[in-house]
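Any read-out appearing in this document is the output of simple, stated calculations on the displayed coordinates, not a laboratory observation. Because the structure is predicted, anything quoted here is derived from the model rather than measured. All Cβ positions, glycine included, derive from the backbone under ideal geometry; neighbour counts span all protein chains shown.
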Amino acid sequence: MTPFPFDTPTPSPAPFDPLRLCVYTTVALLAWAFGPWAVAFFATLGLVGYGRAYRQGLVRSRCKLGDTRLVLAYLALVLAGALFAIAMSFDRMVSGS
C-alpha cells in the first residue's frame, strides 16, 4: 500500500548560512588593519580574476553590478583610490605633516 501523498515527510530546508557575513567581516578587518594596502591588494586580485574571466567569455557576473565590464571599472576605481591614499600617506611622511 502506498502512503497518502501528505503522509510522506518533507525535508526541512537547510538553515541560512551567513558565510558571506563572515567573509565581509574578515575583509573589513584586513582593510582596517592594513589600510589602503589591503584595499589595493584585494582590488588587484579582483581585477586579475575578473579580467581572466572576461577574456574567457564571462559577460554576466553574480556580483550586484551584473555586467563584468562594470565590475572591472568598479575594481579599477577602487584600486585608483587606494593607490591615491598610499601616495598621500607617503607625501605626508616626506613633508613631515
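What helices does the chain hold that run 30 Å or longer along their axis, going by alpha-carbon atoms, with a Kyte-Doolittle average of 1.0 or more, using DSSP H for the helix calls? All intermediate terms of the calculation are to be shown ahead of the outcome.
Values: long enough: 68-95 (40 Å, 1.56).
For the chain, where a helix must reach 30 Å along its axis and average at least 1.0, the hits are 68-95.
Cut-off is 10 Å between beta-carbons; in what order do Trp32, Trp37 appear when sorted fewest neighbours first? Walk me through the numbers on the way to the answer.
Details: Trp32 9, Trp37 15.
In order of increasing Cβ crowding within 10 Å: Trp32, Trp37.
Using the reciprocal of the averaged 1/r over all distinct C-alpha pairs, how large is the Kirkwood radius of region 34-97 in Å?
12.8
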